[in-house]
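In what follows, a single structure is set out as structure tokens and then discussed.
The values are calculated or read from the model by the stated rules, or taken from the named source; none is laboratory data. Please read these numbers as outputs of a predicted model, since none were measured by experiment. Neighbour counts are summed over all protein chains in view; Cβ atoms, including those assigned to glycine, are modelled from backbone coordinates with ideal geometry.
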Amino acid sequence: MVVALKELATHGHGSLSANRLASVLGVSRGSFYWHFQNIEDFETSVLKRWQQLTTDSIIAEMETLESAEQRLATLVRTSLSAKTRLERAVRCWAIDKKSVARFVSRIDVKRMEYVRQLLVAIGGDHDDVGMRAQVLYWASVGMIMGPVSDQMAAIQESDLVSFFALPNA
């Protein structure tokens, strides 16, 4: 999966063919299918690994922190400093393939729900935090998918945390 994710991040989803990956790995195309039933099975494995790297492991890491405030601040800092090529490549792939779009959508929901839970734990109103979580998440996706201007690059973690601070907390 390391090679597949690297190919995806570097060359886009068009590089995820059995022929290309077998060539990059120096194996036969048949050995590729020894590991995967078909291309859909392979693509699902790629997406599950992306999920593990960019969502599940990050949430697990955040959960080791003591407070919801620390988790939110660290999550924002992690998002601002993350390398975005793989995330961008997966999202571009989702534009072209409905099954990938459905997978990415499930991950988006999981990520937004985690942010919502953090905002509730900080003291936010259940009705209010959903929109805050969604806007914060959409902003991060926009930063990933759009060109980074000098103004966007200057945004600091504390600015975002303050912007999304809860009036009741």
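If you scan the stretch 26-82, which residues turn out to be of a type in the set (G, A, S) and within 17 Å of V100 (Cα to Cα)?
In the first step, residues of the stretch 26-82 are kept if they are of a type in the set (G, A, S); the result is 26, 28, 30-31, 45, 57, 60, 67-68, 73, 79, 81-82.
S45, the sole residue that qualifies.
Does V120 count as assigned to a helix (DSSP H, G or I), surrounded by 13 or more Cβ atoms within 10 Å (Cβ to Cβ) and within 15 Å of the chain's Cα centre (by Cα)? Steps first, answer last, please.
Details: assigned to a helix (DSSP H, G or I): yes; surrounded by 13 or more Cβ atoms within 10 Å (Cβ to Cβ): yes; within 15 Å of the chain's Cα centre (by Cα): no.
When the stated conditions are applied, V120 does not pass them.
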Pull up the stretch 28-57, narrow it to residues that are hydrophobic (A, V, I, L, M, F, W, C) and free of Cβ contacts under 8 Å to residues at least 24 places away in the same chain, then point me to the one that is surrounded by the fewest Cβ atoms within 10 Å (Cβ to Cβ).
W34
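Condition check ((1) within 30 Å of A121 (Cα to Cα); (2) without any contact (Cβ under 8 Å) to a residue 60 or more places away in the chain) across all residues:
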residue	(1), (2)
A9	no, no
H13	no, no
G26	no, yes
E63	yes, yes
L72	yes, no
V76	yes, no
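Is there a residue being farther than 30 Å from E43 by Cβ, touching a residue at least 24 places away in the same chain (Cβ under 8 Å) and surrounded by 13 or more Cβ atoms within 10 Å (Cβ to Cβ) anywhere in the stretch 98-112? Write out each step before concluding.
Step one: of the stretch 98-112, the residues farther than 30 Å from E43 by Cβ are none.
The answer is no; no qualifying residue exists.
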Loosely packed, with under 14 Cβ neighbours inside 10 Å, of a type in the set (G, A, S) and either modelled with pLDDT under 95 or touching a Lys or Arg at 6+ places or on another chain (Cβ under 7 Å) (or both), is that true of G142?
yes
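Do you know which residues across the stretch 1-60 are acidic (D, E) and modelled with pLDDT of 95 or more? Reasoning before the result, please.
At the first step, the residues of the stretch 1-60 found to be acidic (D, E) are 7, 40-41, 43, 56.
Result: D56, single match.
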